[in-house]
Amino acid sequence: MIKKIAATAAALAAATAGTLALGAGTAQAADYQGQVTASGGLSVRYAPSTHASKVDHLKKGEKVGLGCWVYGTSVDGNRTWYAGQTDSPSSQWISGRYVKLLGKKPPRCTGDTAKAKATATLSVRHGPNTSDKRTGTIGKSTSFSVICKQPGQSVGGNNRWYLTSEKGWVSARYVDNVGKAPQWCRWDN
């Protein structure tokens, strides 16, 4: 859930007053901040997709701690989604379309690039959900690089999705890892 940033020192508390953190509220959450601009507020989602389940809601004007960003479902032409700072795979994402950055943009969510091979023809999508726009395919037996993995819609009992490039997601259900498995899409890999 969205939590206020917990501060242990009065000075830090004053500096972060009114700021929320997506995920585990830590002082690090203040490193990158944004402010909700949508008049009706902003849905916090389980994955970087408008088709993902809502897990919380932020009001207009609320400040949020941001972890990192990926491309996901387009919201009014903007495909940037911000993750919360958590110690596990982020399950809290907000669309960048309705977030005004307060300072510098957080880093892209990354990991050490991993190798994978398609066990079936894969649909490449804008976000980690089969309802997200299909942008292409990866042929069966084709090897490809994976930037990071993220929980999303379950496909055949597997809810992991792989970010294959800066703009494409595939279900991990029909993918064999070649060597090590990809890291989670987080800011601190």
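Derivation of every value follows stated rules applied to the coordinates shown; laboratory data play no part. Predicted model only: the values in this text are computed from it and were never measured. Cβ coordinates were reconstructed from backbone atoms using ideal geometry, including for glycine residues, and neighbour counts include every protein chain displayed.
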query = If we sort 41-52, 131-142, 171-182 on the protection proxy, mean other Cβ atoms within 10 Å, highest first, what's the order?
reply = 41-52, 171-182, 131-142
query = Using a simple spin-label model with points 7 Å from Cα along the Cα→Cβ vector, what separation in nm is obtained for residue 178 and residue 57?
reply = 4.7
query = Can you pick out the pairs among 54/180; 105/133; 54/117 whose Cα atoms lie more than 29 Å from each other?
reply = 54/180; 54/117
key: Rough spin-label spacing in nm, given labels placed 7 Å along Cα→Cβ, for residue 120 and residue 141   = 1.8
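Can you bin the stretch 94-146 into rounded, prolate or oblate? Criterion: square roots of the alpha carbon gyration tensor eigenvalues sorted a ≥ b ≥ c, rounded for a/c under 1.5, prolate for a/b above b/c, oblate for the rest.
Values: a/c = 4.52, a/b = 1.77, b/c = 2.55.
Here the stretch 94-146 falls in the oblate category.
For the residues 97, 160, what sequence is obtained by ranking on other C-beta atoms within 10 Å, fewest first? If you can, show how the numbers build up before the last one.
Values: 97 16, 160 19.
Starting with the residue having the fewest Cβ neighbours, the order is 97, 160.
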key: Candidate lysines - alpha carbon under 16 Å from residue 104, same-chain residues fewer than 8 apart omitted   = 63
ask   = In which sequence would 66, 58, 102, 122 go, from the one with the fewest C-beta neighbours within 10 Å to the one with the most?
value = 102, 58, 122, 66
task = Using only alpha carbon pairs under 8 Å that are at least six residues apart, calculate the relative contact order of the stretch 114-178 and give it in whole percent.
result = 39
